[in-house]
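Novice: First the structure, which I've put down as structure tokens, then a few questions once you've had a look.
All of the numbers you see were taken from the coordinates with simple rules; none came from a lab. Just so it is clear, the structure is predicted and the values come from calculations on it, not from any experiment. Quick reminder, even Gly has a Cβ in these numbers, built from the backbone with ideal geometry, and neighbours come from all protein chains shown.
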Amino acid sequence: MKLLVSMITTFGLSTFLFSNFANAQAPKLGRTELIREDLSIPGREVVQVRVDIAPDTKYPRHSHPGEEIIYVITGSLEYTIDGRAPVTLTTGDVYFIPAGAIHTVKNVGTDQASELATYIVDKSKPLLSISK
């Protein structure tokens, strides 16, 4: 356990949501922050995060304080932006989510899915806000 905490601290890994950490089951949702850098536009930053989603797992409805560009690394993911029809993307597909849009993503495949999420955001606000 100490090693895991040390690794999370050392590598700057962000939020992990585990289905049953005590039984050492694989995580249902995992977020690994890869880079966070200021942009040439004052008050804005770029953040890249790898998101791993287990089969039949849905990320809660949420939004970001800026644009999000998704690149599906592997798997089949269904994205739903409030007020729009769901869109299913597979390995190699990209998707744009407008600033502040409330959305969700679900792994609709049978294997682990992963995406690279790139955010261009207001650095004074939380990167992710869960919606009701």
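Novice: Where a Cα-Cα gap under 16 Å defines reach, which aspartates and glutamates qualify for Lys106, not counting those fewer than 8 residues away within the same chain?
Specialist: Leaving aside aspartates and glutamates fewer than 8 places away in the same chain, those within reach of Lys106 are Asp52, Asp56, Glu78, Asp82, Asp93, Glu115.
Novice: Rounded to the nearest 0.05, what FRET efficiency do Lys132 and Ser40 give with R0 = 35 Å and r taken as the Cβ-Cβ distance? Could you check?
Specialist: 0.50
Novice: Enter the mean projected area of the convex hull around the alpha-carbon atoms of segment 16-132, in nm², rounded to one decimal.
Specialist: Mean projected area for segment 16-132: 7.7 nm², to one decimal.
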